[in-house]
1. Note down all Cβ pairs under 9 Å where the first residue falls in the stretch 28-57 and is under 17 Å from residue 75 (Cβ atoms) and open to solvent by 30 Å² or more (accessible area, probe 1.4 Å), the second is among the acidic types (Asp, Glu) and assigned to a loop (DSSP other than H, G, I, E, B), and they're at least six residues apart or on different chains.
2. Considering only the stretch 218-235, state which residues are in a helix (DSSP H, G or I) and open to solvent by 60 Å² or more (accessible area, probe 1.4 Å).
3. Can you tell me which residue in the stretch 90-136 is farthest from the chain's Cα centre (by Cα), limited to those that are over 20 Å from residue 66 (Cβ atoms) and polar (S, T, N, Q)?
4. Just name the residue that is most open to solvent (accessible area, probe 1.4 Å) out of those in the stretch 64-80 that are in contact with a strand residue (DSSP E or B) (Cβ under 9 Å, 6 or more places away or on another chain) and part of a helix (DSSP H, G or I).
5. Output the residues belonging to the stretch 140-179 that are more than 22 Å from the chain's Cα centre (by Cα) and closer than 19 Å to residue 261 by Cβ.
6. In the stretch 81-109, how many residues are among the aromatic types (Phe, Trp, Tyr) and either in contact with a helix residue (DSSP H, G or I) (Cβ under 9 Å, 6 or more places away or on another chain) or open to solvent by less than 60 Å² (accessible area, probe 1.4 Å) (or both)?
7. If only one of 53, 3 is farther than 16 Å from residue 258 by Cβ and at pLDDT below 95, which one is it?
8. For the stretch 86-100, which positions are part of a loop (DSSP other than H, G, I, E, B) and either within 14 Å of residue 53 (Cβ to Cβ) or in contact with a strand residue (DSSP E or B) (Cβ under 9 Å, 6 or more places away or on another chain) (or both)?
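The values are calculated or read from the model by the stated rules, or taken from the named source; none is laboratory data. Here the structure is a predicted model, which means the values were calculated and not measured. With ideal geometry, Cβ positions are generated from the backbone for all residues, glycine too; neighbour counts draw on all protein chains shown. Accessible surface areas use protein heavy atoms only, side chains included; no ligands, DNA or RNA. Shrake-Rupley method; radii C 1.70, N 1.55, O 1.52, S 1.80 Å.
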Amino acid sequence: MRELQEREHGVGHDYAKGSPHIRHHTIRDRLITGLHGLVQQVIDRNGQCRVLELGAGHGTFTDHLVAAGAQVTVTEMSMPSVLFLRSRFDRNTNVTVIHDKDGTAAYQAGPVDAVVCISVLHHIPDYLGTVKRLVDQIVPGGAFLSAQDPLWYPRRTRVSIGLDRNAYFAWRLGQGQLSRGLATRMRRLRGVYDDSNEADMVEYHVVRDGVDEEALREVLATTFEDVEVQRYWSTQSGLLQAVGERFFPPTTFNLVATKRR
């Protein structure tokens, strides 16, 4: 997976291009507000907020965590992104960047006050097991936030899935990637997933049918006093995002757990 991540997210990769939570201000602003509120709540309870941020990409939201008053340890699997992050935060003593070569670095980050995973869990096959291990590192009074993960497909209606896939396909065609889009779509229809193809193993969430938000809620409810799932429509196209926010069923969710026991 690390090699595929580096191929898909190599030098010059534009994370904003296909990331609704970065592209669309309604999603981005809501997430930023949530991050600031979470950090402030933890500081009020614990006097500090040491954040472990998984898969930070180019640090789009790391800046906001630091601005809110957090000390942030970032893990990133793609070496090109690690180099970018180290350059970006070279003079910021509140940010530590770790190259997660084998997917285990986050478990060695030590005690933290909060864990933040933004558009990450759907890339982890055993996301429930991962979350359990991450929560073990959070001290009492701490918090956990996961954002921009696709809702679990088996619980969604055909209409919801159809609108989601067609919106994505329409956006993909607009990027001038007709051949890639059609080839990938044909593999989906046949139920084929190529574990050597970054389009299958990095980009497409349907490989694991999305993320089971209710299962995550149950896992976190055993440890945190408050757990909230926030469902919303999310797609890459600006026009379809604006329409979908008003009329289409949710496709994506954020999850916020606070007041660790």
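1. Note: pairs meeting the criteria are 55/100.
2. Of everything in the stretch 218-235, just one residue is in a helix (DSSP H, G or I) and open to solvent by 60 Å² or more (accessible area, probe 1.4 Å), namely 218.
3. 108
4. Ranking the qualifying residues of the stretch 64-80, first place goes to 79.
5. Matches in the stretch 140-179: 140, 141.
6. 2
7. Answer to the selection: 3.
8. 89, 92, 93, 94, 100 - these are the residues of the stretch 86-100 that are part of a loop (DSSP other than H, G, I, E, B) and either within 14 Å of residue 53 (Cβ to Cβ) or in contact with a strand residue (DSSP E or B) (Cβ under 9 Å, 6 or more places away or on another chain) (or both).
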